[in-house]
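Below is one structure, written out as structure tokens, with a few remarks after it.
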Amino acid sequence: MNNQFGLMNLWTQGDIITKGVALLLLAMSLATWMVIILKALDLRKIAAQSRATESFWHSADFADGLNKLGVDPGNPFRALAQEGREATAHHHAQQQLHDSLDVSDWLTRSLRNSIDESTARLQSGLAILASVGSTAPFIGLFGTVWGIYHALMSISAAGQATIDKVAGPIGEALIMTALGLAVAIPAVLGYNALVRGNKAVLTRLNRFAHDLHSYFITGARVTSAGGTKVVAMKKGN
């Protein structure tokens, strides 16, 4: 039996605007899931990289600690450690900096710049999810309004307004609203989940930056009174 209703009938009976709205929603859905999957994989990788920071603090020297953080140039923890080392070396090498900025302030600014760069990378793509989540329902609603208008015009031209002639076209037009919600809901949920994941990563980065700051200033990582003692690393290259 041929199905006179549903998505296929909506596509075949719809005009260029209806099809354009449907294609736009499809493109937004694909972009949403692409961002969610890629960013989720990135967060999973960064979570694994963050677990190596404890091994870093138990290394024989700084160079060995960097090796334990891995060789991935996109590792924000490795980038933070390298930035701290380079900032400290640069401050010691430039005598003029000693007259205007002490090593603690210089190191703090350098570590903050590295964290800001990592934050920008973490937040890339979230604007797409926010835009899709806020606009997709209205795009679907526009498709519904246009579909209802198109259906009513067809019914008026046919000169018949019985319930069986009205229910089918109107119901098909309402599918556009459902499609808009189907696109928007994953975008909103994915955005919220990724924001929470990014906050967790930034918390670890800030904690690691605090430990690095203490290490470069005092030569040892700050630990709690009852924490495990950490042997101070040599500041090797």
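In the set Thr88, Thr53, Thr32, only one residue is within 21 Å of Leu189 (Cα to Cα) and touching a helix residue (DSSP H, G or I) at 6+ places or on another chain (Cβ under 9 Å); that residue is Thr32. Would you mind stating whether Ala48 is in contact (Cβ under 8 Å) with a residue 60 or more places away in the chain, over 30 Å from Ala184 (Cα atoms) and exposed (fewer than 13 other Cβ atoms within 10 Å of the Cβ)? In short, no. Take the residues in the stretch 183-212 that are in contact with a Gly (Cβ under 7 Å, 6 or more places away or on another chain) and among the small types (Gly, Ala, Ser), then tell me which one is farthest from Ser118 (Cα to Cα). Top of the filtered list is Ala184. Among the residues of the stretch 133-158, those identified as among the hydroxyl-bearing types (Ser, Thr, Tyr) and under 27 Å from Leu194 (Cα atoms) are Ser134, Thr135.
Return the total of residues in the stretch 57-81 being polar (S, T, N, Q) and within 22 Å of Arg109 (Cα to Cα).
Keep residues of the stretch 57-81 that are polar (S, T, N, Q), which gives 59, 67, 75.
From the residues that got through so far, the ones that are within 22 Å of Arg109 (Cα to Cα) too are 75.
Count: 1.
Considering the stretch 56-70, the residues that are without any contact (Cβ under 8 Å) to a residue 24 or more places away in the chain and touching a helix residue (DSSP H, G or I) at 6+ places or on another chain (Cβ under 8 Å) include one that is surrounded by the most Cβ atoms within 10 Å (Cβ to Cβ), namely Leu69.
Values quoted throughout were computed directly from the atomic coordinates according to the rules given, and no laboratory measurement underlies them. These numbers were taken from a predicted model, which means no experiment stands behind them. Neighbour counts run over all protein chains shown; Cβ positions are idealised from the backbone, glycine included.
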